[in-house]
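Trainee: Here it is, the structure, as structure tokens.
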Amino acid sequence: MARKRKGRDISGWLVIDKPAGITSSAVVNKVRWAMDAKKAGHAGTLDPDATGVLAIALGEATKTVPFITDALKAYRFTVRLGQATNTDDQEGEVIAENAARPTDDEIKAALADFTGDIMQVPPKFSAVKIDGQRAYKLARDGEDVEIAARPLWVDELTLVSRPDEDHVELEMACGKGGYVRSIARDLGEKLGCLGHVRELRRIWSGPFEVEDGITMDTVEELAKTGELDQYMHPLEVGLDGIPEVKTTADGAVRLKNGNPGLVLTSDAEYGDEAWASLDGKAIAVGVYKAGELHPNRVFLH
């Protein structure tokens, strides 16, 4: 018999304004403990030194994680010009330097080549798997890591400020799988001056804004009290990016049993992925076909 997982049956989203110096997995574990939740997961890893939006799914909301992972995300970051590091951020060893410094106009012109559909090579120190092993492990072992380029959609990349000649602050909105460190590295190479990420902050992720986030100090302070529940966002927020279809009581029963269920109103078109609701509560996610939703994910709440 499978061991029953301890904790509360609590479902929803908690948005953390992640501090630097902690891994995303450690944040998830702390939130799960603080909220005494049976199940928790995050929607998109942040590097340990990165800060900002880390959306934590609890309970049944973990079934909506892929929709947040696939959504656009925005980052504000500072690039240190004139230096390349082996990790493409400030934690790494400086491996090359260049005295050239581009003008603001040259930087703005170069940014155009990093928007739209681009091909990006992830950093050697990343979690990308090569022959079953993480790239960062191979790199730490001194192996020459070759990582294939992969497609990335960059919705927007803009110059925010130029604090001094050695630093530039940028803001980027991009799709799934983007590496800000690669943008900094490749931009520096294109400008002929080299570059790496100095600071990185995720300012929004899908429907979640950094202003929605609470600090880890708040998590610690309110741990095990139940007061953290007031900061939770409904499970349904995680479905913000796909159409909602409304079902009936009978349709909801059929959907919960894994069968196609009747829907009354719909913004979805035939074959679209959509979610069915009853009285505003998510019942299931599935494929909309001719007045019915065919479920592939059912919510047990």
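Trainee: Using modelled amide H (1.01 Å from N, peptide plane; none on Pro or chain starts), what sits under 5 Å from the amide H of Leu72, excluding residues fewer than 5 places away?
Mentor: Gly206
Trainee: List the longest stretch of the chain that has no exposed loop site; here a site is one of the trypsin sites (Lys or Arg not before Pro) assigned by DSSP to anything other than H, G, I, E or B, with at most 10 other Cβ within 10 Å.
Mentor: 7-223
Trainee: Any idea of Ile130's accessible area? Nearest 10 Å², probe 1.4 Å.
Mentor: We get 40 Å² for Ile130.
Trainee: Averaged per residue, what accessible surface does the stretch 75-131 expose to a 1.4 Å probe, in Å²?
Mentor: 52 Å²
Trainee: Same structure, new question: Is the chain best put as rounded, prolate or oblate by its Cα gyration tensor, with a ≥ b ≥ c the root eigenvalues, rounded for a/c under 1.5, and otherwise prolate when a/b is larger than b/c, oblate when not?
Mentor: Because a/c hits 1.5 or more and a/b exceeds b/c, the chain counts as prolate.
Trainee: Rounded to the nearest 0.05, what FRET efficiency do Glu220 and Asp240 have when you use their Cβ-Cβ distance and R0 = 30 Å?
Mentor: Efficiency for this residue pair is about 0.55.
Trainee: To continue, here is another question. Taking R0 as 51 Å, what FRET efficiency do you get between His294 and Lys137 from their Cβ-Cβ distance, rounded to the nearest 0.05?
Mentor: Approximately 0.80, to the nearest 0.05.
Trainee: How high is the FRET efficiency between Thr23 and Ala96 when r is their beta carbon distance and R₀ equals 25 Å, given to the nearest 0.05?
Mentor: After rounding, the FRET efficiency stands at 0.30.
Trainee: Under 22 Å between alpha carbons, and skipping anything fewer than 8 positions from Lys190 in its own chain: which lysines qualify?
Mentor: Within the straight-line cut-off, Lys190 pairs with Lys108, Lys124.
Trainee: What shape does the stretch 43-167 take by its C-alpha gyration tensor, where a ≥ b ≥ c are the square roots of the eigenvalues and a/c under 1.5 counts as rounded, a/b above b/c as prolate, and the rest as oblate?
Mentor: Oblate, since a/c reaches 1.5 and b/c is not below a/b.
Trainee: May I ask you to evaluate 6.51 cos²θ - 1.76 cosθ + 1.60, the Karplus curve with θ = phi - 60°, for each residue of the stretch 66-78 and list the ³J(HN,Hα) values in order in whole Hz, giving x for glycine and proline?
Mentor: Computed from phi, the couplings for the stretch 66-78 are x, 6, 7, 4, 7, 6, 5, 9, 10, 10, 10, 8, 10 Hz.
Trainee: Run the numbers on the stretch 74-224 and let me know its relative contact order in percent, using alpha-carbon pairs under 8 Å that are six or more apart.
Mentor: Relative contact order, the stretch 74-224: 37 percent.
Trainee: I would also like to ask the following. When only the heavy atoms of the protein chains count and the probe is 1.4 Å, how do Thr103, Thr69 rank by accessible area, highest first?
Mentor: Reading off the accessible areas and sorting them downward yields Thr103, Thr69.
Trainee: Rank His196, His301 by accessible area, highest first, at a 1.4 Å probe radius?
Mentor: His301, His196
The values are calculated or read from the model by the stated rules, or taken from the named source; none is laboratory data. Just so we're clear, the structure is a prediction, and the values are computed from it rather than from any experiment. We place every Cβ from the backbone using ideal geometry, glycine too, and count neighbours over all the protein chains shown. Keep in mind that these areas ignore ligands, DNA and RNA; they rest on the heavy atoms of the full protein, side chains included. Shrake-Rupley method; radii C 1.70, N 1.55, O 1.52, S 1.80 Å.
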